[in-house]
1. Explain nothing, just the number: dipole magnitude of the chain about its Cα centre with +1 on each Lys and Arg Cβ and -1 on each Asp and Glu Cβ, in debye rounded to the nearest 20.
2. Among 234-244, 189-199, how do they line up by average Cβ neighbours within 10 Å per residue, starting with the highest?
3. What 222 nm value per residue comes from the helices of the chain, counting each DSSP H run with n ≥ 4 as -39,500 (n - 2.57) and dividing by all residues, nearest 500 deg cm²/dmol?
4. How charged is the neighbourhood of PHE387? Take every other residue with its Cβ under 10 Å from the Cβ of PHE387, and add Lys/Arg as +1 and Asp/Glu as -1.
5. Whole number please: convex hull volume per residue of the Cα set in the chain, in Å³?
6. Can you list the residues, at least 5 places off or on another chain, whose amide H is less than 5 Å from the amide H of ALA376, using H built in the peptide plane?
7. Residue by residue through the stretch 351-356, which ³J(HN,Hα) values in whole Hz follow from phi under the Karplus form 6.51 cos²θ - 1.76 cosθ + 1.60 (θ = phi - 60°), with glycine and proline marked x?
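Values in this text are rule-based calculations from the coordinates and carry no lab data. Note that this is a predicted model, so its numbers are computed, not measured. Cβ: placed from backbone, ideal geometry, glycine included. Neighbour counts: every protein chain shown.
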Amino acid sequence: MQTSTQSAFTPKMTKLFLLPVIFGIFLSMTGTPAQAQNTPRTDLPGGIMDKPYLIGETGRVSVGGYMDMEFEWNEGGQSTFDQHRFIPFITGHVSDRVTVSAEIEFEHGGNLSADGGDGEIKLEYAVMDFKISSAFNFRGGVILSPLGSFNLLHDSPLNDLTARPVVSRQLIPSTLSESGMGFFGDTPVGEEGALSYQAYFVNGFNEDIINSDNKLRVRGGRGSQKKDNNQDKALTARLGYSPSIGTNFGASIHTGKYDNNDEHRLTISALDAKVVFGPLEFQGELASIKADMDQGINPDTAESQIGGYAQANYHVLHDALMKGSVVTLVVRGDWIDYDSDVEGDTEEGITFGANFRPTEETVFKFDYNLSKATPALGEKGDAKGRFFFSLATYF
């Protein structure tokens, strides 16, 4: 067993963390001087400093948010309305270099279980940014982990389908926000390109990644924002590249010890991409999990998982229904293998959808999802269908 001093920051983790720091300093020194350029665009539009409410601000404090509402019907005949999310966010411009941003999430009406409800209220993120240059900045607080692009761009008005991809709920798992500190930045590349990075030390996951059935389900092990369960700090980082507006590629990682004794490591790796061909877009993510297990305690628990999604969006009828509006036709395939070492234990699905945006910030969505699950060493189950009608808007 490692001592707490040894496990807090291993030489390997320190070197990994120093790489983006050195990279950011290098970009600051070699990039175009700030006085001679406009603010460089990010490779992922829609992040915490790129919300609609920030456009045209005049004061020191900006307030905005988004909401979504869903109607769901399944083939078993059950149906329900769900006031899924109401999300206010606020940004305070303390000075030219210091910015504070926060987002509070009210889910399912916000009625807490202690009050007899099944809702949730939580701090989605709350960070202080200290801006040194566009390519090198410090961030600390409750950080939205840069693990895949969807975790960074999960706002309902941004997405063309109601339900989030399965891989982004189970393997990533969104929305993943953690207490930590680190650095981020972006810089122009050529005439149209943008390069970005984020790298943070965070508390990381805990032992609840293994559920009561001894299955590996990392969503249940999202760690405390108050106190780490061990002395090892996890590293989460993403490197992104956008050759042109709307097209981007990213590689990210989250790695750290998850158990109370600092003995077993959990590593999540992800690749994400979005490519645009006129009105047609292709996007997707691929994620894999490697988890060290105590075979004496969890001999049958999976040590590796993999999953992904692929989605195509086709934008049609621009300005046809009303000025500024667009219709988008969508199809997405989802797939997850919850144990890469055994046959079965998989989940797969396909979703068809169409949505209408009267403006870019507001969307009405119609989706139909079919999904199948295969138990470990078992046969594939029957397809189960769900229909969604939902609305989402920034404000």
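1. Values: 32 positive and 52 negative charges, 243 e Å.
So the dipole magnitude of the chain works out to roughly 1160 debye.
2. Numbers: 234-244: 21.5, 189-199: 18.8.
Result, highest mean first: 234-244, 189-199.
3. On the way: 3 runs with 30 residues, N = 395.
Result for the chain: -2000 deg cm²/dmol, rounded to the nearest 500.
4. On the way: positive: ARG386; negative: GLU72, GLU75, ASP367.
Value of the local net charge: -2.
5. On the way: hull volume 63.3 nm³, N = 395.
Hull volume normalised by residue count: 160 Å³.
6. ASP345
7. Residue by residue, the stretch 351-356 yields 10, 10, x, 9, 9, 10 Hz.
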